[in-house]
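Enquirer: To start, I am sharing the structure in question, which I have written as structure tokens.
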Amino acid sequence: MTSRITRYLAKKYLRFRDRTDALSEEGEAILRIDRRVDAILRMVGGGSDTELAIVHAEQAPGTRASLRDFVRALELDAAPAKFDADAIGSDMQGWGSQSPLFAEVIDKLKPREIVEVGTWKGASAIHMARLARAHQPDAVVLCIDTWLGSMEHWDFDDVRRDLDREHGFPRVYHHFLANVVKSGLTNHVFGLPLSSLTAAQLLLKRGVQADLIYIDAGHAEREVFMDIDAFWPVLRPGGIMIGDDFSWPEVQRAVHRFARLQKLEVASFRQKWQLQKA
Ligand SMILES: C[S@@+](CC[C@H](N)C(=O)[O-])C[C@H]1O[C@@H](n2cnc3c(N)ncnc32)[C@H](O)[C@@H]1O
């Protein structure tokens, strides 16, 4: 396996190196990838960790764009138009969505651009938006979710009911949007109904980065690792990534594995884990 990965990375390395002159405006980004590929080549032999780290190395940031420009370009801000929020009952169900860690991190970082991966009905996104607006009146929280639920939402009878299915299809997005409208945050909290990995690719392709990223989507080790790995390049240098359910062994393993690969320190506070980008 090692030689297959080495050949693959070496080929990729040469391709990026060959492109450096032709793509002078992207030179800096390519050189950054170059260095990552170098680091991975040094790690080859690390087994599945190395294979997963390839996902990270393949992604090149595009031209820089603000999160608000991204929202406008995709017309995510048009979602509340003609939406009858009062037709949906009030229901701000969440889990650890108002943890004191949010206030601590937001007071320290004063983020203007926040990405949440895993939103459900919007409890944590709305909480973060309120906190961030105290420092940055123009703060934006981009919520990435399929709004189809995680494995647990389908596995446990009581939570499955919360999917509020219509003709078999969950209406969680409607609850999210109703909560955003009722909170008066339609100019600050926006939904992007995509799978996490697809959304990360799109953000990178459009050159969007965030100051703060909250990871709270799938909770299997593989899902958590992939989400952290996919969104790490979306995090601005100096930014903070936090995530939920650190007491879950699968979550812990994923966070520690990523931190080991990137030589990062994991901080934790009750249920939440935290990584800071240099
Ligand atoms: C635990 S809930 C989020 C709770 C929310 N952060 C809060 O505190 O209120 C997890 C959410 O992740 C979403 N999800 C799970 N896997 C996903 C994936 N691969 N891509 C996008 N969303 C996903 C589910 O639809 C669900 O809404």
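Each value in this text was obtained by applying a stated rule to the coordinates, not by laboratory testing. Model, not experiment: these values are computed from the prediction. Quick reminder, even Gly has a Cβ in these numbers, built from the backbone with ideal geometry, and neighbours come from all protein chains shown.
Enquirer: Which order do the peptides 265-273, 80-88, 144-152 take when ranked by the mean count of other beta-carbon atoms within 10 Å per residue, highest first?
Expert: By packing density, highest mean first, the sequence is 144-152, 265-273, 80-88.
Enquirer: Find the eigenvalues of the gyration tensor of the Cα atoms of region 63-276, then list the square roots of 5 times those eigenvalues as equivalent ellipsoid semi-axes, largest first, in whole angstrom.
Expert: Taking √(5λ) for each Cα gyration eigenvalue gives 25, 21, 16 Å.
Enquirer: Let me ask something else about it. As a quick test, which of the pairs LYS108/LYS263; LYS121/LYS272; LYS121/LYS263 have an alpha carbon distance above 25 angstrom in this structure?
Expert: LYS121/LYS263
Enquirer: Would you mind ranking HIS256, HIS175 by Cβ crowding within 10 Å, fewest neighbours first?
Expert: Placing the least packed residue first, the sequence is HIS256, HIS175.
Enquirer: What does the extension gain come out to for ASP86 and GLN271, with contour length at 0.36 nm per residue minus their alpha carbon separation?
Expert: Taking ASP86 through GLN271 to full extension adds about 63.3 nm, to one decimal.
Enquirer: Find how much the distance from ARG160 to LEU148 grows on full extension, using 0.36 nm per residue of separation minus their present alpha carbon separation; answer in nm with one decimal.
Expert: This chain segment gains 3.3 nm when fully extended.
Enquirer: Magnitude of the Cβ-charge dipole of region 63-276, K/R +1 and D/E -1, about the Cα centre, nearest 20 debye?
Expert: Roughly 760 debye for region 63-276.
Enquirer: Continuing with this model, one more query. Where the only charges are on Cβ atoms (+1 Lys, Arg; -1 Asp, Glu), what is the dipole of region 131-232 about its Cα centre, to the nearest 20 debye?
Expert: Using only the charged Cβ atoms, the result is roughly 480 debye.
Enquirer: Calculate the length of the line joining the C-alpha centroid of region 238-278 to that of region 102-150, in whole Å.
Expert: Taking the Cα centre of region 102-150 as reference, the centre of region 238-278 is 18 Å away.
Enquirer: Can you sort MET128, MET92 by how many other beta carbons sit within 10 Å, fewest first?
Expert: MET92, MET128
Enquirer: Give me, ordered by chain and number, the residues 5 or more places off ASP245 or on other chains with an amide H under 5 Å from its own placed amide H.
Expert: Those qualifying (amide H under 5 Å, at least 5 residues apart or on another chain) number zero.
Enquirer: I've got another one for you. If I histogram all Cα-Cα distances within region 200-259 using bins 5 Å wide from 0, what percent of pairs lands in each bin?
Expert: 4, 20, 29, 24, 15, 6, 1
Enquirer: What FRET efficiency would be calculated for the residue pair LEU202, ARG222, taking the C-beta separation as r and a Förster radius of 22 Å, to the nearest 0.05?
Expert: 0.55
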